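Heads up: the structure comes next, in structure tokens.
Every number in this text was worked out from the coordinates using simple rules, so none of it is lab data. Just so you know, these numbers come straight off a predicted model, no measurement behind them. Using ideal geometry, Cβ is built from the backbone for each residue, glycine included, and neighbour counts are taken over all protein chains shown.
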Amino acid sequence: MEQSSAIDALQALGHACRLRVFRILVRQGNAGLAAGGIADGLGIAPSSLSFHLDRLERAGLISSERRGRQVIYRINETGMRSLLSYLTEDCCHGKPALCGDLFGRNGADTMSSKASAYNVLFLCTGNSARSIIAECILNRLGAGRFRAYSAGSFPRVEVHPAVLQLLREKGHDVGALRSKSWDDFTGPSAPRMDLVFTVCDNAASETCPVWPGHPMTVHWGVPDPAAVTGTASEVAAAFEETYRAMHARILALTALPMASLDQRSLRKRLLDIGAGGYRHTETTSSKAPA
């Protein structure tokens with residue numbers, strides 16, 4: 001963004017009414033809102049509102065679309081991100097990715113401006129069992145609202161055979177599953193994550209990469225089913241229990257009103273889900289973490 005465009009955008013927001021309009025549309029996300037709904041929410045006359053809407057649109061901060069007799073206004077996400085990038089491009093010696101919680105991820109901002117599915121990354125050490133199971137469950141339960149991925153800090157050569165068998169029995173498509181490094185999700189072309197869950201204690205204690213966008217990171221530890229020894233039925237039961245524990249947590253995740261929760265409230269709800277408890281009988285084993 002050029003300096004002149006940034007100044008224009010900031011001037012457009014430098015009016016109490018326009019700032020309120022902008023914040024209302026941020027909360028509406030991609031659905032947008034008709035001019036009448038905005039006027040009712042602000043308690044101002046439509047004639048006054050038209051001037052402010054036009055000013056925000058000329059500044060590239062909102063866009064409009066005629067739908068029958070109504071004009072729907074929504075946030076111009078590109079313009080908003082361009083302004084934020086311009087304001088922060090010199091942060092941390094030109095490396096704004098190092099700034100940490102710059103946009104209040106633990107503050108009062110909500111996720112309601114998310115226009116597409118929430119990207120979620122599940123991490124464990126080997127990316128061969130727990131994180132793979134979680135990826136498949138969320139892609140099924142959260143289809144349309146969430147898009148799940150998984151990775152490992154030290155990925156195994158292949159997905160655990162017992163996991164593939166279990167997922168097939170549950171009706172999941174396993175054709176494209178593979179163990180992946182978390183480095184695959186740190187580059188400029190990687191999908192921008194909204195949430196990152198560590199599902200094993202080893203991964204939680206490791207120094208994670210700097211994720212683009214600084215997603216919220218939460219620990220949902222689950223015992224390693226690949227570490228269970230015993231009879232074939234006991235081992236199978238361990239993987240089944242892992243699936244059950246992940247399914248319960250992810251079902252609770254998909255039930256959350258994401259758009260209405262601020263970041264602090266969302267983190268608390270996610271931590272509560274992770275602490276919800278599960279029963280899992282482990283025996284000792286020398287196998288590597290999955």
Original post:
What ³J(HN,Hα) values, in whole Hz, does the Karplus curve 6.51 cos²θ - 1.76 cosθ + 1.60 give for the stretch 76-85 when θ = phi - 60°, with x put for Gly and Pro?
Top reply: 8, 4, 5, x, 5, 5, 4, 5, 4, 5
Subject >> Spin-label proximity, Ser64 to the stretch 11-40 - amide N less than 18 Å from point 7 Å beyond Cα toward beta carbon >> reply: 12-13, 17-26, 31-40
Original post:
What is the dipole size for the stretch 118-274, taken about its Cα centre, with +1 at each Lys and Arg Cβ and -1 at each Asp and Glu Cβ, in debye to the nearest 20?
Top reply: 480 debye
Original post:
Can you give the FRET efficiency for Ile7 and Ala255, using 1/(1 + (r/R0)^6), R0 = 41 Å, r = Cβ-Cβ distance, to the nearest 0.05?
Top reply: 0.40
**OP:** Mind sorting Tyr118, Tyr149 by how few other Cβ atoms lie within 10 Å of their own Cβ, fewest first?
**Re:** Tyr118, Tyr149
**OP:** Obtain the nm distance between the two label points defined at Ser189 and Glu240 by a simple spin-label model: each point lies 7 Å from its Cα along the Cα-to-C-beta direction.
**Re:** 4.3 nm
Subject >> Karplus 3J(HN,Hα) series, Hz, for the stretch 173-189 with 6.51 cos²θ - 1.76 cosθ + 1.60 (x for Gly, Pro) >> reply: 7, 10, x, 9, 6, 7, 7, 10, 7, 5, 4, 5, 10, 10, x, x, 8
Original post:
Taking amide H positions as placed 1.01 Å from N in the peptide plane, with prolines and chain starts having none, which residues 5 or more places from Ala34, or on another chain, fall under 5 Å of its amide H?
Top reply: Tyr73
**OP:** Report the label-to-label distance for Leu164 and Val71 in nanometres (one decimal), using points 7 Å from each Cα along the Cα→Cβ vector.
**Re:** 5.8 nm
Subject >> Long-range HN-HN contacts of Ser150 with modeled amide H, under 5 Å >> reply: Phe122
Subject >> For the stretch 3-89, with +1 on Lys and Arg beta carbons and -1 on Asp and Glu, the positive-most of Thr78, Gly36, Ser64 along the dipole >> reply: Gly36
